[in-house]
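> Shown below is the structure under consideration.
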Amino acid sequence: MESGTSQNNIPPVQKSIWVNNPKLKSLLLALMAVFMISGISLAVLSYTQTQRRQKLYELTEAGLPRRVVVAENQKGINTDTSNWKTYRDSQYNYEFRYPEKILLSNEGETVSLNHQIPYRNSGECDMVGGDKIYELLTDFSATFKIVDGLKKLNVIDGELSAGGLQGVYEYNGAEGCGETVYYFPFGSDKTLVIKRANVQILSGLRNNSDEREQILKILGAISKEENDRLFKGMLETFRFTQ
């Protein structure tokens, strides 16, 4: 019959590719999960950065941070500064103490504090390789400078309170190399900027314990722990005289 012929010519229903290929289905589901996790991670990162920027915005616009936390590497450090020298700046009317073993110098409006020991090396960051050889190793280096304006940062690495100073800091470097820059706002439009060099060879972040011990045997060498104590003492004794 004509109706029977019409039924026989109907093509068979094709099964979905998802049913025929379960591996493909699993792969697509896995990709969807990865995209969802990535989206959530990006959202969390964006929120975190926004919060940090908002915190810094409060600092730069209001003058002082609303919440100040002692930096991790400054906790539990006690320093006797009673027999230290005193540096006084007559232009900006501030002073702080520093130990006699540290060499202080002025260049323009920048106050530099340094200490070096005799030790042949290839540079304060790399310490291996390189063509230039230095006869002296700098085991302490910091600079103090007051600048106009309130420094604005995209991201901060932490907050610091020491003595009468309250501010934030950022780390520029990697693996114990580079420098940490501290920003302490005061008044309505000025910032005390302190840069502290990180001594990679003494940081303890490299697998060089034998070389580090060899350096610390040199008379007058400043270890990372002593470096922290000296720096903390300088910050705690900093004050404006007017």
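Just so you know, all these numbers are worked out from the coordinates, no wet-lab data involved. What you see is a predicted model, and the numbers here were worked out from it, not measured in a lab. Counting neighbours? That spans all protein chains shown, and the Cβs are built from the backbone with ideal geometry, glycine included.
> In the neighborhood of Gly108, defined by Cβ-to-Cβ distances under 13 Å, what is the net charge if each Lys or Arg adds +1 and each Asp or Glu adds -1?
On the way: positive: Lys145; negative: Asp89, Glu107, Glu109.
Summing Lys and Arg as +1 and Asp and Glu as -1 gives -2.
> Right, something else. How large is log10 I(q)/I(0) at q = 0.18, 0.21, 0.31, 0.34 Å⁻¹ when the Debye formula is applied to the Cα atoms of segment 80-125, each weighted equally and without solvent?
These q points yield log10 I(q)/I(0) values of -0.69, -0.83, -1.21, -1.29.
> Still on this structure, please answer the following. In cubic angstrom, how much convex hull volume per residue do the alpha carbon atoms of segment 72-240 span? Write out the running numbers ahead of the final one.
Values: hull volume 22.7 nm³, N = 169.
Per-residue hull volume (Cα only) is 134 Å³.
> Using the Cα centre as the reference, give the magnitude of the dipole from point charges on the C-beta atoms of segment 72-240 (Lys, Arg: +1; Asp, Glu: -1; all else neutral), rounded to the nearest 20 debye.
Here the size comes out at about 360 debye.
> In whole Hz, what ³J(HN,Hα) sequence does segment 154-168 give by Karplus (6.51, -1.76, 1.60; θ = phi - 60°), x for Gly and Pro?
Couplings: 6, 9, 10, 9, x, 10, 9, 10, 8, x, x, 9, 9, x, 10 Hz.
> Putting +1 on Lys and Arg Cβ atoms and -1 on Asp and Glu Cβ atoms, find which of Gly149, Ser82, Thr110 reaches farthest to the positive end of the dipole of segment 72-240.
Ser82
> When ranked by the protection proxy of mean other Cβ atoms within 10 Å per residue, highest first, what sequence do the peptides 160-168, 213-221 form? Write down the numbers at each step before the final one.
Values: 160-168: 19.1, 213-221: 12.6.
For the peptides 160-168, 213-221, the packing ranking is 160-168, 213-221.
> Continuing with this model, one more query. With θ taken as phi - 60° and the coefficients 6.51, -1.76 and 1.60, list the Karplus ³J(HN,Hα) couplings across segment 79-92 in order, rounded to whole Hz; mark glycine and proline as x.
Coupling constants for segment 79-92: 10, 8, 10, 5, 9, 7, 6, 10, 9, 10, 10, 7, 6, 9 Hz.
> Oh, and also: Name the residues whose placed amide hydrogens come within less than 5 Å of the amide hydrogen of Val168, ignoring near sequence neighbours (fewer than 5 apart) on the same chain.
So Val168 has HN proximity to Leu160, Tyr183.
> If you plug each phi of segment 216-233 into the Karplus form 6.51 cos²θ - 1.76 cosθ + 1.60 with θ = phi - 60°, what whole-Hz ³J(HN,Hα) values come out, in order, with x for Gly and Pro?
5, 7, 5, 4, x, 4, 9, 6, 4, 5, 5, 4, 4, 5, 5, 5, 4, x
> Based on a Kirkwood Rh over C-alpha pairs, give the Stokes-Einstein translational diffusion coefficient of segment 88-157 at 25 °C and viscosity 0.890 mPa s in µm²/s. Working shown, then result.
Numbers: Rh = 15.0 Å.
Here the translational diffusion coefficient equals 163 µm²/s.
> If you stretched the chain out fully between Met32 and Ser105, how much longer would it get, using 0.36 nm times the residue separation minus the C-alpha to C-alpha distance? Each step should come with its number before you reach the end.
Numbers: separation 73, 0.36 × 73 = 26.28 nm, distance 6.08 nm.
Gain in length upon complete extension: 20.2 nm.
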